[in-house]
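Below is one structure, written out as structure tokens; the observations come after it.
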Amino acid sequence: MRNVFEIVPTDFFKILTSKNKFLYIETLFCIDDLLLGAIYVSRDQVVESLRQRYEKLEVGFDDFEDESEHLEIAINTYQKLAQSVLRELQRKGWIQILYEEGYIEQVSFPSYANRFVQVMKELARDSGASFTRIVFSTYSSLKTGLETGNELQGLEASWQTTQELQRLIQNAYYDLSKVYTSVVEELSTNELLVQHFEVYKQSIIDRVLFPLKTSDSILRYKKPILDLLERYDDQDVMAKMVQQYQNKLDHSSDETGDTLKAEKKLQKYINGLLDFYGDISQLFDVIDSKKEEYTAKSIGKIQYQLRSDYLLKNKIDCLISYLKKKPNSYMSDLCNLINFESVSEKSFYKKPTKKENFSGKQRLKISSSKNKQADEAQIAMLKKLVNPKFSSKNVDQFVKRVLGDRDSISSEQFSLTDYDSFILTIMGAIRGYEENNSGYWIEFLGKSVVNGNYILPLFAFIRE
């Protein structure tokens, strides 16, 4: 393997830390667009295209003029700015100037720069690449290699696709960890829902994890791949691949056909593939565990935000701050707080229509003594104060009541008469996306609707 810094120029990476890095990247992307379907493009055409793009982006001149100390004239037009940027990129090794077609200056990318530009464009895209059947490609390469007698090509192709699969799994776990960490940030309910459906659902589940468990199932191809690898590990097949490897290196200038070196490299491929597909279930166990943690944490925070009004939250924050300063008076102070009948004249609390009959039950007396039995009794009393209005059971009952005898109903076909029905509808949409035996699932239809006084996504409750 060659040293990267022996390939790229010394100042190659400086543009990525420059104060004008956005201008440099935009210029490289523009040149790459011009080179589509061509080997090189004239410098005059590049300058004109850059001039138009700079004008559209309203790029300023001052910053680049200060950075480019080698310039002898001031930059006061977009054409001069384009010429200066091209000279700087040529000096750093990102572009090369060729003299073709009658000694006319032509702009092109060196091979190493072309690769870096493509990587940066891939990172800059809003959505990831569409999923390809990586696991099936690995199985197909191994099987085809044995059937056609070109085992070396099949092994190398399967190694490349497996490396791609490994990076895909690593990226999925990174994205999953990122959305999991963002739950603790000060995000609104709408921001949490957008993150859940657009990032978690579409980018992670639908694009990567779901195909790897269905159409490109790892569990389906794992055993056939391991069986094929055992055949590749056979002594006769290994000897044949070593010969193919030596024949391949006959025209190479930097490698020799040493038999021991070839065997080590091929054995590295086989052992790496056997280890990866032998342990791949453990990788998915880690991802599934993180996925469950994220789901529980995000839904819990959404439920908390939907149930809380900000006035009550401020009072609770003050109470918690007070309790932290005086931990010894914890239970007595908490009970004193419960004695208040309301927290505000404009409280959102509504008395339940059906009350439990306590006439035949013994009233619980709250003692201010600081002993273990009193503390347990007070904790039991506090648990009864939790409002179960938005519990999972009530949410499921609400959705089934809305469905009635129908198999499906959209969010614009039933009326949201009050705040509680709106909250129950949103909670039903969240539960409908999870596998929790709720008896229904939902399908988003891609736009928003106005129902009563509320704006919500257009979706359909569908009975299982």
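Would you mind finding the one in 358, 414, 390 that is at pLDDT 85 or above and either surrounded by 15 or more Cβ atoms within 10 Å (Cβ to Cβ) or out of contact with any helix residue (DSSP H, G or I) (no Cβ under 8 Å at 6 or more places or on another chain) (or both)? On inspection, the qualifying residue turns out to be 414.
When the stretch 419-449 is examined, which residues are found to be open to solvent by 70 Å² or more (accessible area, probe 1.4 Å) and in contact (Cβ under 8 Å) with a residue 24 or more places away in the chain? Let's see the steps before the verdict.
Just the residues of the stretch 419-449 that are open to solvent by 70 Å² or more (accessible area, probe 1.4 Å), to begin with: 419, 435, 437, 441, 443, 445-448.
Answer for the stretch 419-449, where residues must be open to solvent by 70 Å² or more (accessible area, probe 1.4 Å) and in contact (Cβ under 8 Å) with a residue 24 or more places away in the chain: 419, 445.
Inspection of the stretch 270-279 finds no residue satisfying the criterion of being outside any helix (DSSP H, G or I) and open to solvent by less than 80 Å² (accessible area, probe 1.4 Å). Can you find, within the stretch 37-51, the residue that is least open to solvent (accessible area, probe 1.4 Å) among those that are small (Gly, Ala, Ser) and free of Cβ contacts under 8 Å to residues at least 24 places away in the same chain? Here the residue is 49. For residues that are touching a helix residue (DSSP H, G or I) at 6+ places or on another chain (Cβ under 7 Å) and among the hydroxyl-bearing types (Ser, Thr, Tyr), scanning just the stretch 20-62, find the one that is farthest from residue 115 (Cα to Cα). Per the criteria, the residue is 54.
Which members of the stretch 14-36 meet the condition of being without any contact (Cβ under 8 Å) to a residue 12 or more places away in the chain and assigned to a loop (DSSP other than H, G, I, E, B)? Passing the criteria: 17, 36. Do we have any residue at all in the stretch 13-29 that's open to solvent by 40 Å² or more (accessible area, probe 1.4 Å) and at positive phi? Scanning the stretch 13-29 turns up no residue that is open to solvent by 40 Å² or more (accessible area, probe 1.4 Å) and at positive phi.
Listed here are the residues, each with its yes/no results for (1) under 26 Å from residue 38 (Cα atoms); (2) more than 25 Å from the chain's Cα centre (by Cα); (3) modelled with pLDDT of 85 or more; (4) open to solvent by less than 50 Å² (accessible area, probe 1.4 Å).
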site	(1), (2), (3), (4)
82	yes, yes, yes, yes
91	yes, yes, yes, no
108	yes, yes, yes, yes
171	no, no, no, no
182	no, no, no, yes
186	no, no, no, no
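Of the set (1) open to solvent by less than 80 Å² (accessible area, probe 1.4 Å); (2) part of a helix (DSSP H, G or I); (3) modelled with pLDDT of 80 or more, all apply to residue 203 but (3).
Being in a helix (DSSP H, G or I), over 30 Å from the mean Cα position of the chain (by Cα) and modelled with pLDDT of 90 or more: is that true of residue 50 here? Before you say what the answer is, go through the steps one by one.
On the way: in a helix (DSSP H, G or I): yes; over 30 Å from the mean Cα position of the chain (by Cα): yes; modelled with pLDDT of 90 or more: yes.
It is true that residue 50 is in a helix (DSSP H, G or I), over 30 Å from the mean Cα position of the chain (by Cα) and modelled with pLDDT of 90 or more.
The values are calculated or read from the model by the stated rules, or taken from the named source; none is laboratory data. In this text, all values refer to a predicted model and were calculated from it rather than measured experimentally. A quick note on method: Cβ atoms are made from the backbone with ideal geometry, for glycine too, and the neighbour counts reach across all protein chains shown. Accessible surface areas use protein heavy atoms only, side chains included; no ligands, DNA or RNA. Shrake-Rupley method; radii C 1.70, N 1.55, O 1.52, S 1.80 Å.
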